[in-house]
1. Tell me yes or no: at least one residue of the range A:74-83 is among the polar types (S, T, N, Q), more than 8 Å from chain B (Cβ to nearest Cβ) and over 16 Å from the mean Cα position of the chain (by Cα).
2. Say whether the condition of being buried (at least 19 other Cβ atoms within 10 Å of the Cβ) and modelled with pLDDT of 90 or more is met by at least one residue in the range A:33-41.
3. B:Val225 fails exactly one of the following numbered conditions: (1) at pLDDT 90 or above; (2) part of a loop (DSSP other than H, G, I, E, B). What is the number of that condition?
4. Of everything in the range B:200-227, what is farther than 19 Å from B:Ser50 by Cβ and small (Gly, Ala, Ser)? Give them in sequence order.
5. Could you check the range B:163-212 and list, in sequence order, the residues that are under 17 Å from B:Ile95 (Cα atoms) and part of a helix (DSSP H, G or I)?
6. Being modelled with pLDDT under 80 and loosely packed, with under 12 Cβ neighbours inside 10 Å is the filter here; which residues of the range B:6-47 pass it?
7. Quick one: B:Ser215 ticks every box in (1) within 12 Å of another protein chain (Cβ to nearest Cβ); (2) in a helix (DSSP H, G or I); (3) more than 13 Å from the chain's Cα centre (by Cα) bar one, so which box is it?
8. Can we say A:Leu127 is in contact with a Cys (Cβ under 8 Å, 6 or more places away or on another chain) and of a type in the set (A, V, I, L, M)?
Amino acid sequence: MRKLVETCITAFSWIALFLLIAALFTLIAYLVQKGASSIELGLFFGDTSPLDALMLKRQVFDGLFPAIAGTLFLIIGSMLIAIPIGVAGGVYLAEYCRGKMKPLFNLTFDILAGVPSIVVGLAGLLLTIVLNRHFPGQIAPCLLLSCCCLALLVLPYLIRTTQTALESIDPLIRKTAPALGASRLQNITQVLLPHSINDIVSGIILATGRCAEDTAVIMLTGVVATAGFPRSLFGQYEALPFYIYYISSQYTGPDELAQGFGAAIILLLLCIGLLALALWIQRRFTSFLLFR
Amino acid sequence: MLRSYSLSEYTFLTAAVFSGMLTAAVFCFLFYFGLPLLQSGQLADLLFSSWSPGKGLYGIYPMLLSSLTLASLSMLISFPVSIGCSFIITALAPIRLRRVLLAMIRVMTGIPTVVYSFAALFFLVPLMRNLIGHGSGMSILTAAPVLALVIAPTMILFFVNSFNKVSPRFTLAAEALGCTKIQKILYVILPQAWPGVINGVLLGFGRAMGDTMVSLMLAGNSTAVPEAVTDSARTLTAHIALVLAFDFDSMEFKSIFVCGLCLYLLTASLMLLFRLSTAYFSKGR
């Protein structure tokens with residue numbers, strides 16, 4: 001009887017794995033099959049010549065260039081906000097925080113990590129409404145607001161990865177520099193952070209991937225279907241994930257649909273690329289940085 | 001001890017406190033905007049009546065029900081698959097295959113949900129339309145497998161992680177006694193690591209409740225109370241995502257905050273449960 005149960009569970013596990021892989025590859029193969037033909041220069045720049053578009057001489061109307069630029073600006077902006085706060089917060093939790101405050105902070109960041117992204121976006125929208133009451137007509141959903149909300153979304157990940165990376169350092173390494181007379185800050189900036197840099201960097205890249213893919217936050221905080229190349233921090237903008245969502249509900253013909261599939265493939269490649277980079281860094285970066 | 005309260009510590013402290021305050025700020029925003037509704041004593045009405053703005057009913061009961069149904073259904077699909085996969089990655093597969101599979105699962109966590117939903121919208125929805133025989137093909141049953149695919153990697157990684165934490169003293173002893181791989185998992189690792197399994201399920205359920213794009217694009221967004229899993233339905237997250245369709249002073253818009261509060265409190269209490277059970281089980285060791 002036991003033998004039978006064991007065999008059944010083994011068989012079941014393999015079937016489960018097969019199902020997961022089959023589902024994944026069916027969806028991706030379908031995407032590639034539909035979208036591969038649309039990936040060419042025209043997908044990015046439409047009828048505009050690529051050089052003019054890149055030099056911002058002419059607007060691109062039927063290409064993905066504005067959306068890709070918008071996504072890049074989102075990533076850069078939110079990371080500029082999130083990295084300093086996140087890493088500093090993580091350092092505080094790992095190195096300074098003692099006593100009863102620590103579990104409280106841990107719980108707070110766990111809750112923040114669990115808050116659905118759409119709720120973060122809603123909070124951003126409410127912020128504009130509040131600000132609008134005090135400064136009527138000046139505040140509208142914009143690129144800066146989206147960056148702030150995305151930063152808030154990835155903040156707990158950054159804090160957590162920094163904290164875990166620092167806490168898992170060997171006590172031997174942790175105590176050497178202070179024993180030689182280094183101050184606490186010197187120990188952190190010159191020994192502990194460089195030592196765990198690969199974990200922190202891969203955490204940052206994972207957070208970047210989340211910024212690139214998240215749709216729910218930006219759709220409440222200023223993304224629109226057609227805005228052109230983002231010209232100002234306080235203007236509306238386009239972004240890849242929202243473009244994909246928009247096409248899925250509003251496409252008018254097979255050409256637009258093919259563009260949507262193309263955009264989905266590009267976003268998929270971007271996110272998988274970032275993730276592969278993070279995994280690779282976790283393996284290789286240490287030796288590269290520490291033993292140069 | 002004076003030196004420990006230096007400028008640098010204050011900088012780090014500020015960053016941590018600031019991030020912590022943001023968590024509270026999100027809640028306060030939702031609460032502040034939802035307060036007029038809560039004060040007017042309509043909370044029960046809002047939670048348990050249906051959504052028909054024509055009749056002046058703005059209850060979020062259909063969305064709450066859809067969210068819970070969809071999350072539970074996708075957990076029902078995702079849990080067996082995840083636990084099976086984590087068995088394979090922990091022990092059943094040859095060691096090289098394990099590494100490849102683990103890397104694949106980690107890459108899966110990075111696939112954008114909007115890409116999954118987009119592919120499923122044009123692949124799965126027509127299939128379901130033929131299968132169900134009526135409606136648009138967008139239903140809870142269409143969204144559930146895709147949502148299961150989205151939350152599976154998170155759960156698998158968590159399960160594998162907690163299985164690997166079981167001390168090698170136990171697993172090596174089991175191997176020395178001549179256990180097969182599946183026996184090692186079932187009789188040694190699983191009894192040790194089952195709190196991890198429960199925690200993984202809590203995390204997965206939280207993610208399933210919080211996901212927007214899958215339900216927004218695949219579940220159909222009908223505001224009626226879903227009577228069967230083949231019905232079109234709108235989840236709490238999708239309801240919030242459609243907020244911009246409403247006027248900012250309208251009752252519809254105000255009910256959004258109750259949705260947001262609901263989601264916030266649900267995910268926060270799941271997290272609290274997760275923390276408590278982690279603390280409880282690690283103390284029990």
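1. The answer is no; no qualifying residue exists.
2. Checked against the condition, which is being buried (at least 19 other Cβ atoms within 10 Å of the Cβ) and modelled with pLDDT of 90 or more, the range A:33-41 yields no hits at all.
3. Among (1) at pLDDT 90 or above; (2) part of a loop (DSSP other than H, G, I, E, B), B:Val225 violates only (1).
4. Across the range B:200-227, the qualifying residues are B:Gly200, B:Gly204, B:Gly206, B:Ala208, B:Gly210.
5. The answer is B:Phe163, B:Asn164, B:Pro168, B:Thr171, B:Leu172, B:Glu175, B:Lys181, B:Ile182, B:Lys184, B:Ile185.
6. If the condition is that a residue be modelled with pLDDT under 80 and loosely packed, with under 12 Cβ neighbours inside 10 Å, then B:Pro36, B:Gln39, B:Ser40, B:Gly41, B:Ala44 are the ones that fit.
7. In the conditions (1) within 12 Å of another protein chain (Cβ to nearest Cβ); (2) in a helix (DSSP H, G or I); (3) more than 13 Å from the chain's Cα centre (by Cα), B:Ser215 misses (3) alone.
8. no
The values are calculated or read from the model by the stated rules, or taken from the named source; none is laboratory data. Nothing here was measured: the structure is a model prediction, and the numbers come from that model. Every residue, glycine among them, receives a Cβ derived from its backbone with ideal geometry; neighbour counts consider all protein chains shown.
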